1. Consider only pairs whose beta carbons are under 6 Å apart and that are at least six residues apart or on different chains; among these, list those whose first residue lies in the range 13-37 and is touching a residue at least 12 places away in the same chain (Cβ under 8 Å) and whose second residue is of a type in the set (D, E, K, R) and surrounded by 24 or more Cβ atoms within 10 Å (Cβ to Cβ).
2. Determine, yes or no, whether residue 121 is touching a Gly at 6+ places or on another chain (Cβ under 6 Å), among the hydrophobic types (A, V, I, L, M, F, W, C) and not in a loop (DSSP other than H, G, I, E, B).
3. Out of 338, 351, 395, which single residue is part of a helix (DSSP H, G or I) and either touching a strand residue (DSSP E or B) at 6+ places or on another chain (Cβ under 8 Å) or farther than 24 Å from residue 55 by Cβ (or both)?
4. Which condition breaks for residue 480 when tested against (1) over 27 Å from residue 43 (Cβ atoms); (2) outside the structural domain of residue 658 (by TED's automatic domain parsing)?
5. Please determine, by comparing only the residues of the range 442-471 that are hydroxyl-bearing (Ser, Thr, Tyr) and without any contact (Cβ under 8 Å) to a residue 40 or more places away in the chain, which one is surrounded by the most Cβ atoms within 10 Å (Cβ to Cβ).
6. Can you go through 306, 323, 367, 353 and tell me which one is hydrophobic (A, V, I, L, M, F, W, C) and surrounded by 24 or more Cβ atoms within 10 Å (Cβ to Cβ)?
7. Identify, from the list 80, 84, 129, the residue that is of a type outside the set (Ser, Thr, Tyr) and modelled with pLDDT under 90.
8. Is one or more of the residues making up the range 302-319 within 17 Å of residue 373 (Cβ to Cβ), of a type in the set (D, E, K, R) and part of a helix (DSSP H, G or I)?
Amino acid sequence: MSPLTKLVYAATMALAGFLLFQVQPMLAKYILPWFGGSATTWIVCMLFFQVALLAGYAHAYAVTRPFPVAKQAKVQIFVLAIGLAVLPITPSDTWKPVDTGDPTWRIVALLAASVGLPYLILSTTSPLLSRWLARLDDKLDPGRFFAASNLGSFIGLLSYPFIFERAMSTGEQTIWWSWAFVAYAVLFGACAVIVMRRGHDAAAEAGSAIVSTRGPDALWRWIGYSAMGSILLLATTNAITQWSAVIPFLWILPLSLYLLTFVIAFGNQRLYHRGWFAGIFLLLASVTLLMARPETSADFLEHLAVQCATMFVGCMICHAEMVKLQPEPARLPKFYLAISFGGALGGILVALVAPLVLRDYYEHQMVLIAIAVTSFGLMLKDAQGEQATTRRGVAYGALALFVGGLGYALWTGVEASSLVVERVRNFYGVVKVVKQEVDDPQEYSLVMQQAGVDQGSQFQLAAKKMVPACAFDLNSGVGLAVANQIKRRTNGDQTPLRIGIVGLGAGMVAALGREGDVIRYYELNPSVLDLVNKHFSFVKDGKAKTDVLLGDGRLVLERQLLAREPQQYDVLVMNAFRGASPPMHLMTKEAFDLYLAHLAPNGVLAVNFELDTFEMAPLHRGMAALYDLEVGWFETQRRQDCDDPISWALYTHDKAFFETPSVKAARSEWRDDGKSKLVWTDKSSNLMSIINWAND
């Protein structure tokens with residue numbers, strides 16, 4: 001085979017891999033604001049792409065079984081022509097949800113309509129071209145070309161957040177990708193022409209009759225190893241993003257490492273040493289199980305590093321052991337089909353099955369246990385020769401460390417569960433109502449939690465039931481905004497206020513309302529409303545007229561504006577954090593355009609934010625400067641009954657608001673240099689730009 005032919009085939013497989021994994025974060029980011037910025041949006045996208053990959057491999061397997069290579073090439077060129085006809089892949093706005101039901105199948109249908117056929121075509125590339133290469137030269141190792149495909153995938157992922165995401169809008173990215181698919185079609189056509197001209201060699205065709213020497217259990221081991229790697233990838237991504245903001249970088253980092261394990265496993269097995277990797281995994285997995293929820297930037301980065309290292313080593317074990325069972329070229333389509341089936345099976349278990357049968361993200365611990373058991377077995381299998389006794393001792397020692405970490409995790413989990421009143425898991429995550437006990441058993445409160453972070457609480461003592469937590473009382477930032485809007489009314493306290501809140505939580509803001517006031521909540525997760533109705537009474541017992549609109553706050557506000565129904569809110573509250581991180585799609589210029597369109601002329605926009613981990617001052621100053629607003633930071637003062645206060649940023653055009661004595665006295669000084677400014681847009685928003693690196 002000529003070097004040019006090898007180059008064309010390698011380039012085609014590399015470009016296919018590049019496009020396969022470039023489109024995943026691209027479309028996920030494109031549709032993320034449509035589905036509330038939920039991390040599960042990415043998991044469902046991953047499920048779709050894994051199933052589409054399986055469909056592509058199944059197509060390749062079906063084509064290569066009955067047809068000679070020339071006919072295979074003709075069939076694929078026909079399918080490719082249909083794929084070109086459905087370009088571009090830009091999703092239609094008609095797919096935006098209008099209700100709060102589980103959007104899993106809507107996301108799947110959206111992706112199928114937008115990119116389904118082109119993605120399926122790209123996924124057939126590696127199995128088809130690997131088989132064709134065996135026809136052209138039976139001495140070639142197709143696995144090396146598969147490694148080139150994975151290298152292209154790896155580059156496609158890493159280039160997205162650092163190059164394409166920054167250089168183009170999401171709409172422009174979909175157009176660019178569509179043109180790149182055309183280039184792929186040209187390269188694939190060249191490969192097809194080559195194999196049609198040279199792929200009729202009788203000896204090569206006879207090679208398809210070679211019988212595998214692998215045992216009958218190899219198929220199930222291919223599937224099992226692939227499924228464990230897929231589950232570990234998705235469960236780790238869930239563990240990372242459940243606390244932090246949902247951004248492409250936090251999807252791409254674990255997925256890139258996952259792909260890197262394929263590159264190494266198929267391209268250079270010498271880098272994999274079974275005993276070392278198995279022992280390191282048991283050590284890292286035990287550390288992962290011992291880690292508590294991150295509280296600071298340093299904690300978050302350490303958490304991210306350990307989680308990704310554990311995932312990399314675990315996937316390396318799964319994929320390297322899987323490749324050790326790789327069959328001869330004649331059976332490669334079946335091998336690739338089994339791999340893709342295992343990946344899709346892992347995606348189905350995490351995205352569809354786990355939310356139905358597991359009350360929390362327990363799949364992460366379960367897959368760590370499965371790979372730990374596998375690793376221990378591999379270490380024992382590797383413990384042979386002169387150092388067999390020493391190696392077995394190391395294996396048992398590593399297992400003991402893992403069991404210790406697992407025991408601690410289970411013990412703390414059982415202890416925490418004893419205080420859980422109710423727990424709900426759905427598409428949007430896990431929400432719990434927890435009993436928070438104090439020294440006086442009569443003074444306990446119920447707390448709503450998501451990702452381990454409080455989303456509001458209520459005292460259960462009758463005399464204190466309508467007293468909101470300190471961060472939401474009249475001395476807090478949002479309380480000052482409401483109180484001063486009451487005072488500035490020309491008709492006194494009798495003039496009703498209109499208050500809008502994005503993010504229901506426990507409904508504490510409703511406690512600030514008066515008779516005649518109108519309070520409207522926007523809540524994405526219907527389970528939150530159910531828990532509020534069952535366990536919290538702020539909304540139903542508040543004096544104001546209060547209602548709750550289900551749906552993503554930004555989308556509902558957008559629909560109200562399109563219907564020419566500006567709400568004219570005196571106070572508009574952003575209280576929709578995920579864990580402790582800022583809601584990315586709710587903190588962009590496009591989002592602020594909506595907020596200000598619904599704000600009364602001298603209204604106040606109140607934004608809840610976490611200060612210790614994220615340095616939000618540049619973002620708040622940048623947004624204020626963009627809209628010629630004044631912004632102030634109000635940190636709830638720490639006191640005996642308020643050991644975990646919330647910070648508020650208050651925006652308004654009303655200059656007199658910040659001169660009010662109570663507001664002036666409560667206003668805090670930003671902790672940074674006081675000069676830097678930052679503006680996020682839907683096109684460009686980077687969590688790393690607001691990490692508080694100085695925090696200890």
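The values are calculated or read from the model by the stated rules, or taken from the named source; none is laboratory data. As the structure is a prediction and not an experimental result, all values here were calculated from the model. So basically every Cβ, Gly included, is an ideal-geometry build from the backbone, and we count neighbours across all protein chains shown.
1. Note: pairs meeting the criteria are 36/552.
2. It is true that residue 121 is touching a Gly at 6+ places or on another chain (Cβ under 6 Å), among the hydrophobic types (A, V, I, L, M, F, W, C) and not in a loop (DSSP other than H, G, I, E, B).
3. Step by step, each of 338, 351, 395 is checked, and only 395 is part of a helix (DSSP H, G or I) and either touching a strand residue (DSSP E or B) at 6+ places or on another chain (Cβ under 8 Å) or farther than 24 Å from residue 55 by Cβ (or both).
4. (2)
5. Taking the candidates together, the pick is 445.
6. 367
7. Numbers: 80 fails: modelled with pLDDT under 90; 84 fails: modelled with pLDDT under 90.
Answer to the selection: 129.
8. No: the range 302-319 contains no residue that is within 17 Å of residue 373 (Cβ to Cβ), of a type in the set (D, E, K, R) and part of a helix (DSSP H, G or I).
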